[in-house]
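Colleague: What follows is a single structure, and I will ask about it in a moment.
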Amino acid sequence: MKKIAVILSIYRKDNLSCVKESLDSLFTQTFSSTDVFIQLDGDIDNEVRGYLSNLSEKDIFIFERTQNKGLACSLNDLLKIVLPMGYQYIARMDADDISMPERFEKQIAYMENHPDIDCLGTWAIEIDDGGNEYFRKRMPLTNEECLDFFRMRDCMIHPTVMFRRSYFEKAGLYPVDTYFGEDTMMWAKGFQAGCKFANLPEYLLKFRLDIDFFQRRRGWKHAKSIFTLRRRINEMLGFGLKEDCYALMYAIAKLMPTQILDLIYRKMR
């Protein structure tokens, strides 16, 4: 039975309740042949540190640094550890999300039956800070549908994905030269390198939207960065004027009040 390496990063804003719920969802997977690798990205909450230090699970490996370097650097540091160890599959997870118990079992079964797929995501249930359902997010299923969808916006929900190690052999590690959107650029690198994508049409992860979700995704800096990122991707993948216009509209939306962003997020996906 092939083993999975799960990679996730924890930083100072991750709280004990969410971290515990997230890790518990990994420890109770129906597919048990899993190792969990955690990068502590700078100083973290003392309660979280105490909880991690008392974990007795033998399949969890924790790495620490004093400086916060961001998600892309954390994931790359972990990939540099797990890839030489020979794991066939590398799964993503965030420290405030929740994987359904059968997530890995179903993803492994699909990957084993579809050896051409390099990256497999799932649908997700978005929840608020209190765990209440906010939105059920569906994603395109086939590689062709994913590429078509990616002309406008992300075709994968980052913390749901499971990579085959071939993805990194083809596309390399996460980009560290973006203000945000390291996952978006990672999908672009994958498509450019000929990687194949798919999504399982099942809700196998609860994705937490914290109270600052929309505030952190608006403003001039964010709008400029998303337009620059999307223009760069459009050029990489040979997209055209239509995709550039959509990137501009997407950027303009990031200048709107949070209430409008919330409405767009609910109604236009």
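Colleague: Test Gly190 against the stated conditions and say whether it is in contact with a Lys or Arg (Cβ under 8 Å, 6 or more places away or on another chain) and assigned to a helix (DSSP H, G or I).
Modeller: Answer is yes for this residue.
Colleague: Can you spot a residue in the stretch 45-58 that is touching a residue at least 24 places away in the same chain (Cβ under 8 Å), under 16 Å from the mean Cα position of the chain (by Cα) and part of a helix (DSSP H, G or I)?
Modeller: No, there is no match, as no residue in the stretch 45-58 is touching a residue at least 24 places away in the same chain (Cβ under 8 Å), under 16 Å from the mean Cα position of the chain (by Cα) and part of a helix (DSSP H, G or I).
Colleague: Also, quick follow-up: One residue is enough: does the stretch 84-99 have a residue meeting the conditions over 30 Å from Leu248 (Cβ atoms), in a loop (DSSP other than H, G, I, E, B) and hydrophobic (A, V, I, L, M, F, W, C)?
Modeller: yes
Colleague: Separate question: Would the stretch 122-143 turn up any residue that is surrounded by 15 or more Cβ atoms within 10 Å (Cβ to Cβ), farther than 17 Å from Lys206 by Cα, in contact with a helix residue (DSSP H, G or I) (Cβ under 7 Å, 6 or more places away or on another chain) and hydrophobic (A, V, I, L, M, F, W, C)?
Modeller: Within the stretch 122-143, none of the residues are surrounded by 15 or more Cβ atoms within 10 Å (Cβ to Cβ), farther than 17 Å from Lys206 by Cα, in contact with a helix residue (DSSP H, G or I) (Cβ under 7 Å, 6 or more places away or on another chain) and hydrophobic (A, V, I, L, M, F, W, C).
Colleague: Also, quick follow-up: Just checking, how many residues over the stretch 144-172 are assigned to a loop (DSSP other than H, G, I, E, B), surrounded by fewer than 17 Cβ atoms within 10 Å (Cβ to Cβ) and modelled with pLDDT of 95 or more?
Modeller: Total satisfying the criteria: 1.
Colleague: Take the conditions crowded, with 20+ Cβ neighbours inside 10 Å and either touching a residue at least 12 places away in the same chain (Cβ under 8 Å) or touching a strand residue (DSSP E or B) at 6+ places or on another chain (Cβ under 6 Å) (or both) and apply them to Ala193. Does it pass?
Modeller: For Ala193, the condition - crowded, with 20+ Cβ neighbours inside 10 Å and either touching a residue at least 12 places away in the same chain (Cβ under 8 Å) or touching a strand residue (DSSP E or B) at 6+ places or on another chain (Cβ under 6 Å) (or both) - is not met.
Colleague: Follow-up. Quick check on the stretch 174-183: of everything there that is buried (at least 17 other Cβ atoms within 10 Å of the Cβ) and part of a loop (DSSP other than H, G, I, E, B), which residue is modelled with the lowest pLDDT?
Modeller: Looking at residues that are buried (at least 17 other Cβ atoms within 10 Å of the Cβ) and part of a loop (DSSP other than H, G, I, E, B), I get Phe180.
The values are calculated or read from the model by the stated rules, or taken from the named source; none is laboratory data. Predicted model, so just to flag it, every value in this text is computed and none were measured. Quick reminder, even Gly has a Cβ in these numbers, built from the backbone with ideal geometry, and neighbours come from all protein chains shown.
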